[in-house]
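Here's the structure, in structure tokens; my notes come after.
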Amino acid sequence: MATPQSPRQSPRQSPRSGGELEPAGYVQLLETLKERVRTTQVRAARAANTELLRLYWSIGRDILDRQDHAGWGAKVIDRLAKDLRAAFPDLGGFSVRNLHYMRSFALAWPAEADFVPQAVAQLPWGHVRLLLDRLDEQALRDWYAAAAVQ
């Protein structure tokens, strides 16, 4: 006659632990924790990405403002790229080309509130550059950004 099982399961041997006994529920706990770690990693990466986009947008906005109000020409971007790379040699992203993209980014989304709550703020910088290169209409950019996030 079989005995009824208690709510607590008995320990079992784990193939990964060299024959040591696993406490009851250990595998489920481990899977739950691994999923939590993965989810947090994704959220942290998205938050870091959004902050990087905010930085790039603000640099682009500053360039636009200076060009509009002080009459700066394109040569200033060349100098900024050189000086920013010298100030932050371990950081990438301050090439002349990338500074032009930052300017275009700020031109495409004129206010920070235009892009931060939108899907574009969740995209990697390379995706944003593709949107800027390939699409002229803002509504299409926003649509493709949302589709890419999905």
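The values are calculated or read from the model by the stated rules, or taken from the named source; none is laboratory data. The structure presented is a predicted model; accordingly, all values stated were derived computationally and were not measured. So basically every Cβ, Gly included, is an ideal-geometry build from the backbone, and we count neighbours across all protein chains shown. Surface areas here come from the heavy atoms of the whole protein model, side chains and all, with no ligands, DNA or RNA. Shrake-Rupley method; radii C 1.70, N 1.55, O 1.52, S 1.80 Å.
Some observations on this one:
- In the stretch 122-136, the residues that are without any contact (Cβ under 8 Å) to a residue 24 or more places away in the chain and more than 12 Å from SER104 (Cα to Cα) form Cβ pairs under 9 Å with partners that are open to solvent by less than 80 Å² (accessible area, probe 1.4 Å) and of a type in the set (Val, Ile, Thr), at six or more places apart or across chains, as follows: HIS127/VAL120.
- Qualifying residue in the stretch 65-86 (condition: open to solvent by 70 Å² or more (accessible area, probe 1.4 Å) and under 19 Å from ALA146 (Cα atoms)): no
- Breaking point among (1) more than 21 Å from ALA148 (Cβ to Cβ); (2) in contact with a Lys or Arg (Cβ under 7 Å, 6 or more places away or on another chain); (3) touching a residue at least 24 places away in the same chain (Cβ under 8 Å), for ARG61: (2)
- Every condition in (1) out of contact with any Asp or Glu (no Cβ under 8 Å at 6 or more places or on another chain); (2) part of a helix (DSSP H, G or I) holds for GLY92 except the one numbered (2).
- Just so you know, in the stretch 116-145 the residues that are within 14 Å of the chain's Cα centre (by Cα) and among the hydrophobic types (A, V, I, L, M, F, W, C) include one that is modelled with the lowest pLDDT, and it is VAL116.
To keep it simple, each residue is scored yes or no on (1) surrounded by fewer than 15 Cβ atoms within 10 Å (Cβ to Cβ); (2) modelled with pLDDT of 95 or more; (3) hydroxyl-bearing (Ser, Thr, Tyr); (4) touching a Leu at 6+ places or on another chain (Cβ under 9 Å).
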residue: GLN5; (1), (2), (3), (4): yes, no, no, no
residue: LEU33; (1), (2), (3), (4): yes, yes, no, no
residue: GLU51; (1), (2), (3), (4): yes, no, no, no
residue: GLU112; (1), (2), (3), (4): no, no, no, no
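- Residue satisfying condition, being in contact with a helix residue (DSSP H, G or I) (Cβ under 8 Å, 6 or more places away or on another chain) and either at pLDDT below 90 or not β-branched (Val, Ile, Thr) (or both), within set ARG38, ARG61: ARG61
- When the stretch 64-84 is filtered for residues that are outside any helix (DSSP H, G or I) and in contact with a helix residue (DSSP H, G or I) (Cβ under 7 Å, 6 or more places away or on another chain), only TRP72 remains.
- No other residue among ALA119, ALA146, ALA108 is open to solvent by less than 70 Å² (accessible area, probe 1.4 Å), under 18 Å from ARG61 (Cβ atoms) and in contact with a helix residue (DSSP H, G or I) (Cβ under 7 Å, 6 or more places away or on another chain) apart from ALA108.
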